[in-house]
Structure formats: C-alpha cells, structure tokens
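> Quick one: the structure is below, questions incoming.
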Amino acid sequence: MATEEASSSSPPLHGNPPPLPSTDIAASASSAIDFLTLCHRLKTTKRTGWVQRSVKDPESIADHMYRMGIMALISSDIPGVNRDKCIKMAIVHDIAEAIVGDITPYDGISKSEKLRREQEALDHMCKLLGGGSRAQEISELWMDYENNSSPEAKIVKDLDKVGIFLADCYWDVRVDNEVIA
C-alpha cells in the first residue's frame with residue numbers, strides 16, 4: 001500500500017525516462033529568443049530626433065515605448081476604451097523599429113515607404129514567434145495603431161504626442177547632462 005502511494009506521487013525509479021521536449025518546442029523557444037534578441041535592439045537604438053539635436057545620452061526607442069506603456073497604464077478610464085489594449089498597443093507601437101530604426105520625417109523617406117519597411121520588419125518578427133496567437137495580437141495592435149482605426153489607437157497616438165512633449169521638456173531643462181529645473 002505504501003509502495004502504491006509512493007509510486008503514484010513520484011516518478012518511477014525504473015523504466016523509460018520521460019520524453020524529451022519535442023523539436024517543435026525547442027524550435028519555438030529558439031524563435032522566441034531570436035524575437036527577444038531583436039527586441040533588445042530597441043534598448044540600444046537611440047531616438048533619431050534626440051541624436052540629431054545632439055542631446056547627450058538620448059532616450060532609446062525602448063525608453064519611449066516604456067514611458068508610453070506607463071502613460072497608458074495610469075490613464076483614466078474612458079467609457080468605450082479598452083485600457084489594457086492601450087497599454088499593449090503602446091508597448092508594441094514602435095516594435096518594428098528594432099529592425100528598421102527610428103525613421104523620422106526628416107530622413108527623406110516617404111510615409112508609404114516607411115510603412116512598407118515597418119510592415120516587412122513586423123512580419124519577420126511575427127514569423128519568429130511562429131505566427132501564432134501572440135504574433136497575430138502584436139500584428140493587429142501595430143496595424144490598428146498605424147491605421148488609427150480604433151478609439152484605443154487614437155488615445156495611444158495622443159499619448160505618443162504627449163510623451164514626445166514630456167521628453168522634450170525633460171531635455172530642455174538639462175545642461176551638460178545636469179538637471180537645472
């Protein structure tokens with residue numbers, strides 16, 4: 001009786017070892033790591049506008065996306081607006097810049113070409129995730145933002161403008177990397 005209890009609550013000491021993870025799982029984990037490695041570029045790629053203005057230690061794309069996510073998180077509830085969707089959208093709205101970089105209107109690249117490059121980059125990133133439900137969610141959030149096609153996209157576009165204003169105020173009060181205000 002004690003032997004039966006022990007064997008039912010712990011793996012057998014003899015017999016076949018447990019199966020190894022399938023290659024699909026291993027490939028999926030490897031692809032997720034590739035995706036996250038690409039996303040790491042967002043931390044190291046500085047925002048073009050700040051670099052062009054010779055701002056010392058400018059914010060990265062990830063800094064910007066993080067601030068927008070926090071802004072969406074602390075935003076007041078608005079009837080008919082899904083705040084969780086706003087948070088997710090804020091986090092992914094510039095994700096394609098991990099591949100294409102921070103393209104500004106002053107770079108001489110048309111809006112349609114910028115969109116094409118970013119869509120291609122996003123498609124590549126989503127393929128790394130295996131094209132499953134998470135990849136689809138990221139793609140849909142990004143496209144919604146780009147098309148400004150929902151109340152949430154309109155809110156996040158506004159947060160983007162406010163975020164740029166806040167960052168601009170922050171950099172304007174710095175001289176030689178020391179806060180003066």
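> Over the stretch 37-100, what relative contact order in percent results from Cα pairs under 8 Å that are six or more residues apart? Walk me through the numbers before you get to the answer.
Numbers: 60 pairs, mean separation 24.8, N = 64.
Relative CO of the stretch 37-100 lands at 39 percent.
> How many angstrom lie between the Cα centre of the stretch 128-165 and the Cα centre of the stretch 45-71?
18
> Could you give P(r) for the stretch 27-173, binned at 10 Å from zero, as whole percent values over all Cα-Cα pairs?
11, 39, 37, 12, 1
> Relative contact order of the stretch 27-173: what whole-number percent is it, with Cα pairs under 8 angstrom and at least 6 residues apart?
Details: 150 pairs, mean separation 40.5, N = 147.
Relative contact order, the stretch 27-173: 28 percent.
> Can you work out the Karplus-derived ³J(HN,Hα) for every residue in the stretch 76-92? Use 6.51 cos²θ - 1.76 cosθ + 1.60 with θ = phi - 60°, whole Hz, and x for glycine or proline.
Computed from phi, the couplings for the stretch 76-92 are 5, 5, 10, x, x, 10, 8, 4, 4, 5, 4, 4, 4, 5, 4, 5, 9 Hz.
> Here's a follow-up. For Ser76 and Asp34, FRET efficiency with R0 = 30 Å and r from the beta-carbon atoms, rounded to 0.05? Before the final figure, lay out the partial values.
Numbers: r = 38 Å, r/R0 = 1.27.
The value I calculate is 0.20.
Only the coordinates and a few stated rules stand behind these numbers; no lab work does. These numbers come from a predicted model, not from an experiment. Cβ coordinates were reconstructed from backbone atoms using ideal geometry, including for glycine residues, and neighbour counts include every protein chain displayed.
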